[in-house]
Amino acid sequence: MADSYHFLSPYLDPDVPSDWLRGNHHGHSTLSDGHETPQQLIDAYEAAGYQYLALSEHDLFVDPEDYPQATLCLLPAVEVSSDRGQTLMHLGARTALPARQLTAPQILQAVEAGGGLFVFDHPNWTPFPDYATDELLLSMEGLRGMEIYCGVIERLSGVALATDRWDRLLSAGRRVWGHATDDQHDEADRFIGWNRVQWPQGRSVDAVGIVEALAAGRFTASTGVRIDAVGVSNGTAYVTSNAEQVRWIVNGGVILKKDAGGDSTLSVAEILAAPLGDMNRGEIYARAECYGRGAAMGWSQPFWLEKR
């Protein structure tokens, strides 16, 4: 039975030499409602060793070419305000979409039609009850990204961690990638949540390629745990990290397996032996959740079980 299925991985093959680019694509400067200038942010993230950053201002397009002195890669991005007050990420933007005129699904459609990447930001932020209901998220056909961790929400109304929302979407068969960001507005908001994009060694770093990698799920998310290797080898999913425990999460948010230390594997046979109920096997996913000291965590993107 196990031979009839395989894992679909978003990551590069293990034999492809790759690097990991750390970055933050959600945050704000004095150009919108942040408290630091764009140059202060660029300098701070460069000093911290980040390889990419987005100045994703509210309803304002900031051209990366205006900051030619930056040594990290600047992603073009705009956080778009919907007609209901949601603020939603447009990565790979060329201009700002109309502010407070479009619904969240319409913003998604406009971003994807223009070749960009839409990410549903801070779904557990609660300025009003229906900011991001499960019904709304499930209605958004083509949704490819959502924040599973948003650092600034630690000090605002809501819950920074949204992996429960992610699991409900994944369990419904939606192939959505999970992002971690700072959403920095002040110095205290820096370096809380970030992504690490898997990048082929020797390839020049560019904004288009980073957005494409984020769109394809070729990245990990973190609040402190470093995932050094992740993917599928010989039909088995694996993760190598500096975590103290690795958990494999499957449909329904079920913890299928726990391993002490930072290295762990999961086989197709282990998935198929799990009591996951009567469902289409092509809707089964598994993702690695890595626990470090304190509140530090790291997340792989989901692997999907598919019939050969």
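The values are calculated or read from the model by the stated rules, or taken from the named source; none is laboratory data. Keep in mind that what you see is a predicted model, and the values were worked out from it rather than measured. Methodologically, a virtual Cβ is constructed for each residue, glycine included, from the backbone with ideal geometry; neighbour enumeration extends over all protein chains shown.
Residues in the stretch 6-47 that are assigned to a loop (DSSP other than H, G, I, E, B) and under 16 Å from residue 183 (Cβ atoms): 25, 26, 28, 29, 30, 31, 32, 33, 34, 35, 36.
Flag: residue 113 matches the condition of being without any contact (Cβ under 8 Å) to a residue 12 or more places away in the chain and under 25 Å from residue 215 (Cβ atoms). Residues to consider are 237, 229; find the one that is crowded, with 21+ Cβ neighbours inside 10 Å, in contact with a strand residue (DSSP E or B) (Cβ under 9 Å, 6 or more places away or on another chain) and either touching a residue at least 24 places away in the same chain (Cβ under 8 Å) or farther than 28 Å from residue 182 by Cβ (or both). Of the residues listed, the single one that is crowded, with 21+ Cβ neighbours inside 10 Å, in contact with a strand residue (DSSP E or B) (Cβ under 9 Å, 6 or more places away or on another chain) and either touching a residue at least 24 places away in the same chain (Cβ under 8 Å) or farther than 28 Å from residue 182 by Cβ (or both) is 237.
The residue of the stretch 80-98 that is nearest to residue 122 (Cα to Cα), among those that are loosely packed, with under 15 Cβ neighbours inside 10 Å and in contact (Cβ under 8 Å) with a residue 40 or more places away in the chain, is 85. May I ask you to say which residue of 181, 223 is over 23 Å from residue 63 (Cα atoms) and within 16 Å of the chain's Cα centre (by Cα)? None of the others qualify; the one that does is 223.
Among the residues of the stretch 134-175, those that are more than 14 Å from the chain's Cα centre (by Cα) and among the hydroxyl-bearing types (Ser, Thr, Tyr) comprise 139, 157, 171. Taken over the stretch 254-274, the criterion of being modelled with pLDDT of 95 or more, surrounded by fewer than 17 Cβ atoms within 10 Å (Cβ to Cβ) and either in a helix (DSSP H, G or I) or basic (Lys, Arg) (or both) is satisfied by 258 alone.
When the stretch 12-31 is filtered for residues that are under 18 Å from residue 61 (Cα atoms) and surrounded by 17 or more Cβ atoms within 10 Å (Cβ to Cβ), the ones remaining, listed by number, are 24, 25, 26, 27, 28, 29.
Only one entry of 147, 57 meets the criterion of being among the charged types (D, E, K, R) and either touching a residue at least 60 places away in the same chain (Cβ under 8 Å) or surrounded by fewer than 20 Cβ atoms within 10 Å (Cβ to Cβ) (or both), and that entry is 147. Residues that are without any contact (Cβ under 8 Å) to a residue 40 or more places away in the chain, of a type in the set (Gly, Ala, Ser) and under 22 Å from residue 211 (Cα atoms) were ranked within the stretch 32-54; the one that is surrounded by the most Cβ atoms within 10 Å (Cβ to Cβ) is 54.
Is it true that some residue in the stretch 202-209 is acidic (Asp, Glu), over 16 Å from the mean Cα position of the chain (by Cα) and closer than 16 Å to residue 23 by Cα? So far as the stretch 202-209 goes, yes, one or more of its residues are acidic (Asp, Glu), over 16 Å from the mean Cα position of the chain (by Cα) and closer than 16 Å to residue 23 by Cα. Here residue 112 clears all of (1) among the acidic types (Asp, Glu); (2) part of a loop (DSSP other than H, G, I, E, B); (3) under 20 Å from the mean Cα position of the chain (by Cα) except the condition numbered (2). Entry remark, the stretch 243-253: residues being surrounded by 17 or more Cβ atoms within 10 Å (Cβ to Cβ) and over 20 Å from the mean Cα position of the chain (by Cα) number 0 in total.
Screening the candidates 134, 183 for the property of being of a type outside the set (S, T, N, Q), more than 15 Å from residue 90 (Cα to Cα) and at pLDDT 95 or above yields one hit, 134. Taken over the stretch 275-293, the criterion of being at pLDDT 95 or above and exposed (fewer than 15 other Cβ atoms within 10 Å of the Cβ) is satisfied by 293 alone.
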